[in-house]
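Below is one structure, written out as structure tokens; the observations come after it.
The values are calculated or read from the model by the stated rules, or taken from the named source; none is laboratory data. For clarity, every value in this text was computed on a predicted model and none was experimentally measured. Neighbour counts run over all protein chains shown; Cβ positions are idealised from the backbone, glycine included.
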Amino acid sequence: MTSTPWIENDRLFFDEAKGGQRWQEYVARFLGRCGLDATSAPLMLRKDIDDAWKFRDTHDIWCEGLPIEVKSRKVRFTTPDDFPYPTIFVDTVKKWEGREWKPFAYICISTMTGRMICLPGYQSDGWNQERRRDATRDYDDWFYSAPREQWRPIERLVTAIAKYKTRTVPPSA
């Protein structure tokens with residue numbers, strides 16, 4: 001573990017941000033191969049911890065105009081059914097509550113298999129709050145988690161966004 005608190009540990013923060021960036025680009029490429037217009041947000045790193053609030057409402061991917069968050073996990077799974085725990089972390093309570101623009105969906109990707117599962121962002125009423133330890137960053141915080149049964153195969157999200165993409169928009173007045 002580190003002796004510098006996570007919030008002040010720039011090296012760990014930058015390393016984790018760069019690793020997360022690789023996975024969100026992987027997901028954006030996958031969505032693109034599915035025929036969707038998906039763009040991974042560029043890697044933006046705070047210059048100082050006092051600037052962290054400026055990044056509160058950023059999103060990992062914009063897909064067909066919808067904000068999506070990507071959470072990479074160092075666990076082996078291929079579907080929601082074989083995820084090794086009964087709940088899956090969604091986000092910190094502080095980050096979720098502080099967002100003006102809630103994500104349309106969360107995508108959880110296994111760094112061991114490259115497989116993805118998804119969770120609608122609009123169904124947060126079924127999520128739980130859990131006080132947990134983030135072992136990588138060495139800190140405790142409140143997290144939202146969702147029961148494994150609420151997560152869906154990634155194909156469900158692709159289908160939903162494809163339907164959204166082809167919706168009929170009424171003409172403007």
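Of the conditions (1) more than 12 Å from PHE77 (Cα to Cα); (2) modelled with pLDDT of 95 or more; (3) of a type in the set (A, V, I, L, M, F, W, C), TRP142 clears all except one; give me its number.
(2)
Which one of these does ARG99 not meet: (1) on the phi > 0 side of the Ramachandran plot; (2) surrounded by 14 or more Cβ atoms within 10 Å (Cβ to Cβ)?
ARG99 satisfies all of (1) on the phi > 0 side of the Ramachandran plot; (2) surrounded by 14 or more Cβ atoms within 10 Å (Cβ to Cβ) except (1).
Any idea which of PHE77, PHE143 is crowded, with 19+ Cβ neighbours inside 10 Å, assigned to a loop (DSSP other than H, G, I, E, B) and within 17 Å of the chain's Cα centre (by Cα)? So that I can check it myself, show each step before the final result.
Details: PHE143 fails: assigned to a loop (DSSP other than H, G, I, E, B).
Answer to the selection: PHE77.
I'd like to check something: does the stretch 47-59 contain any residue that is at pLDDT 95 or above, hydrophobic (A, V, I, L, M, F, W, C) and touching a helix residue (DSSP H, G or I) at 6+ places or on another chain (Cβ under 8 Å)? Give the steps one after another, and end with the answer.
Here is the first cut: in the stretch 47-59, the ones at pLDDT 95 or above are none.
No, every residue in the stretch 47-59 fails to be at pLDDT 95 or above, hydrophobic (A, V, I, L, M, F, W, C) and touching a helix residue (DSSP H, G or I) at 6+ places or on another chain (Cβ under 8 Å).
Which residue is surrounded by the fewest Cβ atoms within 10 Å (Cβ to Cβ), if the candidates are limited to the stretch 113-126 and must be at pLDDT 95 or above and of a type outside the set (Gly, Ala, Ser)?
Start the filter on the stretch 113-126 by keeping residues that are at pLDDT 95 or above, which leaves 113-119.
This time we only want the ones that are of a type outside the set (Gly, Ala, Ser), so: 113, 115-119.
On the way: THR113: 12, ARG115: 15, MET116: 24, ILE117: 26, CYS118: 23, LEU119: 25.
The selected residue is THR113.
Residue-wise test of (1) of a type outside the set (Val, Ile, Thr); (2) over 15 Å from the mean Cα position of the chain (by Cα); (3) in a strand (DSSP E or B).
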residue: PHE89; (1), (2), (3): yes, no, yes
residue: GLU100; (1), (2), (3): yes, yes, no
residue: ILE107; (1), (2), (3): no, no, yes
residue: ILE117; (1), (2), (3): no, no, yes
residue: ARG131; (1), (2), (3): yes, yes, yes
residue: LEU157; (1), (2), (3): yes, no, no
residue: LYS163; (1), (2), (3): yes, yes, no
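ARG22 versus (1) modelled with pLDDT of 90 or more; (2) assigned to a helix (DSSP H, G or I): which is the lone unmet condition?
Answer for ARG22: the failing condition is (1).
I'd like to check something: does the stretch 69-86 contain any residue that is in contact (Cβ under 8 Å) with a residue 12 or more places away in the chain, touching an Asp or Glu at 6+ places or on another chain (Cβ under 6 Å) and closer than 19 Å to ALA28 by Cβ? If you could, list the steps in order and put the result at the bottom.
As a first pass, look at the stretch 69-86 and keep what is in contact (Cβ under 8 Å) with a residue 12 or more places away in the chain: 69-81, 83, 85-86.
If we keep only those that are touching an Asp or Glu at 6+ places or on another chain (Cβ under 6 Å) too, we end up with 69-70.
Now drop any that are not closer than 19 Å to ALA28 by Cβ, which leaves 69-70.
Among the residues of the stretch 69-86, at least one is in contact (Cβ under 8 Å) with a residue 12 or more places away in the chain, touching an Asp or Glu at 6+ places or on another chain (Cβ under 6 Å) and closer than 19 Å to ALA28 by Cβ, which makes the answer yes.
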